[in-house]
Amino acid sequence: MAFTIFNTIFMILFVVITLYPVLNTLAISFNDGTDALRGGIYLWPRKWTLKNYITVLQKDNLITGAIVSVARTVIGTILSLVANAILAFIVSRKRFLFKKQLSLFWVITMYVNGGMIPTFLLYKNLHLTNSFWVYVVPGMISAFNMLVIRTYMNGIPDSLEESAQLDGAGYTTIFVKIISPLCKPVYATVALFVAVGQWNSWFDAMLYNRMSDKLTTLQYELMKLLSSVTNQGNSAEAMKNALGTVTPTSVRAAATILTMLPIVCLYPFLQRYFVTGLTIGGVKE
Amino acid sequence: MALGVVRKKEKIKEPKVKLTWKEVKRQKVLLFWAAIIVVYGIIFYYLPLGGWAMAFQNYRPKDGLFHSQFVGLAKFQQLFADDTFIRVIRNTLAMGVINLVVTFVMAIVFAILLNEVKSKGGKKVVQTISYLPHFLSWIIVTGILHDALSGTGIVNELLLKLGILSQPLNFFAYPKYFWAIVAFANVWKETGWNAIIYLSAITAIDPSLYEAANIDGAGRWARIKYVTLPGIKPTIMILLLMNVGNVLNAGFEIQYLLGNGLVQSVSQTIDIYVLKWGISQNDFAIGTAAGIFKSLVSIVLIVIANQIAKHNGEERLF
């Protein structure tokens, strides 16, 4: 009995600590900026306003960032899924001549990498800096995602492939028509991993595309908002603002909510995919 | 982020395929795509390794990799003579180890306690909520943390109301709080996510073990201690092993976003150092040397952890 009470309290505390900061940001995003500086806003706005959101939606760089973020998420996820699936398909074919070698070639990349500077110089030499492609091409194949898909493909009976071959199907047909339809769950898992990673990344925008405003991303813009809040403080900024009643903090709250919105709406429905994805991912040679 | 369970190698009879023209022709589609993928891999993963040569040179961009002056280990000597770098190693290791231990313990505790929740619906709701922070970017998480810990934030307010503080405290101004804040942020973000794998390991435990424990009169704590924990021990070990190699990788985004001038003596990590010297100051050689040092330490850590696991008869990575 004592245990049940303790456990219930623990779970409630856990939920509160997880949700409160998010709900508080939500409340602040709908609250008048200058009013919010007085503090005392918890789960509900005191002085309702939509000005924070209007301000966000009027900022050109945030709109550009949102478009780029959506584009990189969609294009990056498709490219990455196709590439990882093809690679996983190849290394999971029992008859493939260089099965071992090709797997090892990729597993090594999980443990050894060139590091930030050589990578940076490489991208520069490849003219990937100041380009959209730096978001989607370099990380396209990842050994981890490949291994997750491969493990799943290894579980598909060989007889399917063999009988298709007897019917005259080539590897392309087997991949597209037979194996891939069976791999939908694991494809969904990997697509989710990649999409979340794409949506959330900001460092590449800062490192490689700092000079081109057209290639900024939502997260990077959010980061700039965060540093403007911490560096300049609130009151000085608030005075300068044309709308008068928004502050960097309240605008950032609105931008934060808009940025997390797609993920928060989607992830509960994708739950079963990432749970199975994590448990099947036999990450081992 | 590597999470996974290692299965024992299954002994499947692999067909012996010989490298013959006939076979090559048969597999030409596979070989064609494999070749493209290998070229891609060489360009994006192996070519940067060639850049390691910079660390042994007086690298100047206009001379390139092939004509810069070779200086041996001079850059590494310079690196280790720098007090900042020594401090940066300490910070990286300290935060890496603290985060590893704290997030591990919290995920296991959370998984075990959640498993004990009777109500199916309650369990589902708590678990769904627990994943949420994992999907938020560090930008969002650090922003939220800034608000919560700010002068008018909820933490200060609570501490003031409880009488623990007499005036608001700026947590980000004191080095002594920084590591704890980073550890808390990691726990907040990843506990629910990391618990997924333990929860599935717990479900895989043979229910008859629990029944037997009940017959023997074991209480709840005893069941957790003697059935649940031993049941998930292999999972814990393999995840620990996989993450030890990542200890030095655990320090960039959050420290970069939360750090400020007042706490930089404890917030700077190897990656931030590389960024600062390599990219901002254009000292490619020093930055690369620091990066190589990090890679080498990571590999050594993985090998050591693997040896320990082997010695203790646990599952291992390789």
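The values are calculated or read from the model by the stated rules, or taken from the named source; none is laboratory data. Keep in mind it's a predicted model, so treat the numbers as computed, not measured. Every residue, glycine among them, receives a Cβ derived from its backbone with ideal geometry; neighbour counts consider all protein chains shown. The protein model used for the area step is the full one, side chains on, heavy atoms only, and it has no ligands, DNA or RNA in it. Shrake-Rupley method; radii C 1.70, N 1.55, O 1.52, S 1.80 Å.
Brief remarks on what is shown
- Accessible surface calculations at 1.4 Å, restricted to protein heavy atoms, place the range B:76-311 at 43 Å² per residue.
- Counting only protein heavy atoms and using a 1.4 Å probe, the accessible area of A:THR109 comes to about 10 Å².
- Counting only protein chain heavy atoms and rolling a 1.4 Å probe, the accessible areas of A:ARG252, B:ARG90 rank, largest first, as B:ARG90, A:ARG252.
- Chain A: DSSP helices with Cα axial extent of at least 15 Å and average Kyte-Doolittle hydropathy no lower than -1.0: A:2-29, A:60-91, A:99-111, A:143-154, A:184-200, A:218-232, A:248-280
- For chain B, complete DSSP H runs whose alpha carbons reach 15 Å or more along their own long axis and whose mean Kyte-Doolittle score is 0.0 or higher are B:28-41, B:83-115, B:138-149, B:175-203, B:229-244, B:284-311.
- The largest accessible area among B:VAL38, B:VAL125 belongs to the first residue in B:VAL125, B:VAL38, and the rest follow in falling order (1.4 Å probe, all chains).
- Simple spin-label estimate for A:GLN58 and A:LEU23 in nanometres, 7 Å along Cα-Cβ: 3.2
- When the alpha carbon coordinates of the protein assembly as shown are projected onto the principal axes, the ranges are 79, 77, 48 Å, largest first.
- Low-density loop cleavage sites - chymotrypsin sites (Phe, Trp or Tyr not before Pro) in the range A:1-96, where at most 14 other Cβ are within 10 Å (DSSP): A:TYR42
- Protein accessible surface hidden between A and B, which excludes ligands and nucleic acids, total in Å², probe 1.4 Å: 8400
- Its residue count N sets the reference 2.2 N^0.38 Å, and the alpha-carbon radius of gyration of the range A:61-280 equals 1.27 times that reference.
- Student exercise, chain B dipole from Lys, Arg, Asp, Glu Cβ charges, in Debye to nearest 20: 1220
- Relative contact order %, the range B:76-311, counting alpha carbon pairs below 8 Å whose residues are six or more apart: 30
- As a fraction of the 1.4 Å probe accessible area of the protein assembly as shown, surface on carbon and sulfur atoms comes out at 66 percent.
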